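Student: Structure in structure tokens, see below.
Please treat every number below as a calculation from the coordinates, not as lab data. Note that this is a predicted model, so its numbers are computed, not measured. Because the Cβ atoms are built from the backbone with ideal geometry, glycine has one as well, and the counts that use them run over all protein chains shown.
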Amino acid sequence: MPRGLIFAVVAIALACGFASPAAAQRRGAAEPLDPARVLASIDRAVGYLKRQQNGRGGWDDGTANPGGVSSLATLALLEAGIEPDDTTVAAGLEYVRQFPPKDTYVVALQTMALAAATPRRDRMQIEKNARWLEKSQSKEGDYAGGWSYGEADGRADPSNSQFALMGLYAAQEAGVKVDPEAWRRAGVYWRKRQNKDGSWHYTSSDAASGSMTCAGVGALVIISLASGDADALIDPSGQVLCCQSQESDPAVERGLAWLGRNFSVRGNPVGRRVTDSAHYYYLYALERVGRLTSQRFIDQHDWYREGTEHLVNAQDQLTDSWIHNPLELSDTVSTSFALLFLAKGRRPVVMAKAKAPDGEDARAWASHRRDATHLVAAAEEAWDLPMTWQAVDAAKATVPDLALSPVLYASGDAATQGLTTQGKKLRDYIDKGGFLLVESPCDGGQSAPREAIERLVAAVFPEPEYRLRQVEASHPLWRMERLVRPDSPYVGSLWGVEYGCRTCLVFCDRDLSCYWELDAPTRADDAPAAVKRRIEDARTIGLNVLAYATNREPRGKEQQFVEEASRLEFEAGGQRGLIEVAKLRHAGGCNDAPGALANLLRAAGESDAKLSVAPTPVELAADDPALPLRHFAFTHGRRDFRLSAAERTALGEYLTNGGTLLADAICASPEFAKAFRREVAAALPGARFESIPPDDPLLTPVFGGFDIRLVDIRDPQPTADDQPLAARTRRRAPRLEGVQIDGRWAVVFSPYDLSCALEQHEAVQCRGYSKEDAARIGLNVLLYSINQ
């Protein structure tokens, strides 16, 4: 049989999805999906691939295209987070390095693996592969712009062509210069082959398929990204021209529409049916489309959630693999594709960008289409963490949808006005830890007027105390990740709203998006020095905002999965027998972290203890007659305060008669700590605060809670002016103190921060506990109070 013919047959079948009997799959029973199951599925797949490695460091590549399957498996392990120095991966890399460039699939996958693992070490090999891919691209005839199995032979197919593009793009991202003509020719090839309905097929005699339509959409987006297609330009004189908006690509839009109409994760859509053929090959391409287009939904389908749910339940329970269709060569191939979907698709969403609702002008909401892409790429490099972003229609999105992104970004007047209509929803989003970033693009051309921003703030915060104020020079936003230059044009351009423990909304009155748009190697490298400085300044502001809002710890997308059964069970309990918690009112900032107690109560309801806790606390003064009806109370603050004589007396009676009070100093405020100790001492004459010993039952699981004898405590660290803010986390005994009455802890007080952590904001400048340990401390005290 001629060289490559076997692989050709397989590739055609993968691309077209020819019908065949489904492979028998030993699937586990479908269970509710949660983050633990997703991560366990990934770990099991990693274990399977590691067990399949042979003694030479490779995997069974079959008789055609040696090195291809081994490169694919190595790439899958790398994308799953396995480090290049891991024994299995290191051996895999050493094995695939031996193959010279001669087969398109192998060259592309080898390039992707080397670029993902050791781009500096393998720079010469990556560049050699890029030159081979450029040379082997068809240059003329009907197939110009595509690739075949090997050197240019006047033919091409979309399967080889999509992998060749991925290999070239990986090389360019690793710093290799790619001939612009290669991208141009590839664009012609893919556009020429799109069907009128938006789909693609393998050959003109085949039915359109999901796998090839994903290949076409993904290819066009890669070509656009790689060729530097942008909405901002630098003219020959060095002048920056912002907001040179171009139409969205109609070919991509038509392709996405076809995928939406024919969406499936249970098989590869082919014509009017769904087949098992090329199923996992298709899912890997579907993940690429969703991620590259920054779409959470394809039509109305949450592609990552649906695909992940299917894959986790389809994983073989005995082998930990996904059992291949005969056309996918082996379980190693199908498992590698499935693992790539799960691992790459779960990349943390570090920000969402508000997009125009259906029927509105998309360009008015996104004058710079690549701004978020380039900013997130900068954050990936700075934090050494793969991440992504998503476009979101705030009008359609639910609060949980928004909460998947720690930062919601809006650019320009239309976006600002659109978000203003969603004020209540955005407030709920902020209460769950969200952050709003609004900027004024186009150097005034599409600026968001100050009045429009103030209307947005008023819609989110009806309370008059929450209004825009200029961000002070001492704020972490000026140096959270990098120090903003003293002569930067952005100095003085940031305005914020302080809410709870943090700034939760930032407005930049100077253009950021234009310079994020320009922040790509293909464009910024050749920019004049002054433009490079402005690009660096804009990047610094963006990185500081992302670092401040996320503490550099964005959550993986699997965190969206919730145990529905657990939630419904809690909701089904109704209001009968609910434990009501009081929030103690005072003038020292009792509402300065409004989400802290609500999040603690939510955690109580979702904990293993399954406490029936009312989700909304009752805010009461110490002398309110309703306080004694709640045996657990919580308070916190940042400032000095004094209770009235009546409040002191009532508080003393409440505590003496069995009430329990948990309190913390927001952001470890010494002013509040001093005032709180003074007021409790006045309410309980003769009582004294003492340290709660590390072996006290309160800190153990004895009451149904957690072992918190050791916790993670965050200590701010001094840094030089040109260094990012930092905190050192140490594991040690919690610093808790309290007042005992008849051998019972009636008052538990943390001079270190609990509340900011409970609000999902571990402020790097605040001494306090991790989010997990703050919740555990609160739950232990609540359980302790119930059991006394």
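Student: For residue 619, which sequence-distant residues (separation of 5 or more, or a different chain) have an amide H within less than 5 Å of its own amide H, given hydrogens modelled in the peptide plane?
Tutor: 583
Student: Of the listed pairs 353/424; 196/396; 353/396, which have alpha-carbon separations greater than 24 Å here?
Tutor: From the list (353/424; 196/396; 353/396), the Cα-Cα distance tops 24 Å for 196/396.
Student: Can you tell me the FRET efficiency between residue 196 and residue 474 if r is taken as the Cβ-Cβ distance and R0 is 56 Å, rounded to the nearest 0.05?
Tutor: Efficiency, rounded to the nearest 0.05: 0.40.
Student: If you take the square roots of the eigenvalues of the alpha-carbon gyration tensor of the stretch 63-196 and sort them as a ≥ b ≥ c, do you get rounded (a/c under 1.5), prolate (a/b over b/c) or oblate?
Tutor: Because a/c hits 1.5 or more and a/b exceeds b/c, the stretch 63-196 counts as prolate.
Student: Whole-Hz Karplus ³J(HN,Hα) for the stretch 146-163, in order, using 6.51 cos²θ - 1.76 cosθ + 1.60 and θ = phi - 60°, x for Gly and Pro?
Tutor: Residue by residue, the stretch 146-163 yields x, 10, 10, 6, x, 5, 3, 9, x, 10, 6, 9, x, 6, 4, 5, 5, 5 Hz.
Student: Using amide H atoms built in the peptide plane, which far-off residues or other-chain residues are under 5 Å from residue 60 H to H?
Tutor: Result for residue 60 returns nothing.
Student: Do you know the relative contact order of the stretch 5-346, to the nearest whole percent, from alpha carbon pairs under 8 angstrom that are 6+ apart?
Tutor: 24 percent
Student: Right, here's the next one. What is the distance in Å between the Cα centres of the stretch 92-148 and the stretch 373-389?
Tutor: 25 Å
Student: What is the stretch 175-265 by shape, rounded, prolate or oblate, if you read a ≥ b ≥ c off the alpha carbon gyration tensor as root eigenvalues and call it rounded for a/c under 1.5, prolate for a/b larger than b/c, and oblate otherwise?
Tutor: Verdict is prolate for the stretch 175-265.
Student: List the residues, sorted by chain then number, that are 5 or more residues from residue 234 or on another chain and whose placed amide H is less than 5 Å from its amide H.
Tutor: Residues meeting the amide H criterion: 241.
Student: Once you place label points 7 Å from the Cα toward the Cβ at residue 525 and residue 614, how far apart are they in nm?
Tutor: Rounded to a tenth, the inter-label distance reads 6.4 nm.
Student: While we're looking at this one, here's another question. Rounded if a/c is under 1.5, else prolate if a/b beats b/c, else oblate: with a ≥ b ≥ c from the C-alpha gyration tensor eigenvalues square-rooted, which is the stretch 350-557? Don't skip to the answer; put the middle values down first.
Tutor: Numbers: a/c = 1.35, a/b = 1.28, b/c = 1.05.
Note, shape of the stretch 350-557 comes out rounded.
Student: Let me ask something else about it. Restricting to DSSP H runs of at least four residues, report the calculated mean residue ellipticity at 222 nm for the chain, -39500 (n - 2.57) per run over all residues, nearest 500 deg cm²/dmol.
Tutor: The helix-only estimate for the chain comes to -13000 deg cm²/dmol at 222 nm.
Student: While we're on this one: Roughly what % of DSSP beta bridges within the chain run antiparallel, to the nearest 5?
Tutor: 50 percent
Student: So, one more: Return the label of the correct value of Kirkwood radius over Cα pairs in Å, as calculated from the structure shown, out of (1) 29.9; (2) 33.5; (3) 28.5.
Tutor: Given (1) 29.9; (2) 33.5; (3) 28.5, the structure-derived one carries the label (3).
Student: Calculate one ³J(HN,Hα) per residue across the stretch 139-145 by plugging θ = phi - 60° into the Karplus curve 6.51 cos²θ - 1.76 cosθ + 1.60, and present them in order as whole Hz with x for glycine and proline.
Tutor: 9, 8, x, 4, 9, 4, x
Student: Each residue of the stretch 769-776 in turn: what ³J(HN,Hα) in whole Hz from Karplus with 6.51, -1.76, 1.60 and θ = phi - 60°, glycine and Pro shown as x?
Tutor: Per-residue couplings from phi come out as 9, 5, 4, 5, 6, 4, 5, 5 Hz.
Student: How much length, in nm to one decimal, is gained on full extension between residue 730 and residue 239, taken as 0.36 nm per residue of separation minus their Cα-Cα distance? Walk me through the numbers before you get to the answer.
Tutor: Values: separation 491, 0.36 × 491 = 176.76 nm, distance 4.99 nm.
Taking 0.36 nm per residue and subtracting the Cα distance, the gain is 171.8 nm.
Student: Can you tell me how much longer the chain between residue 399 and residue 131 gets when fully stretched, taken as 0.36 nm per residue apart minus their C-alpha distance, in nm with one decimal?
Tutor: 91.7 nm
Student: What is the order of 769, 466, fewest Cβ neighbours within 10 Å to most?
Tutor: 466, 769
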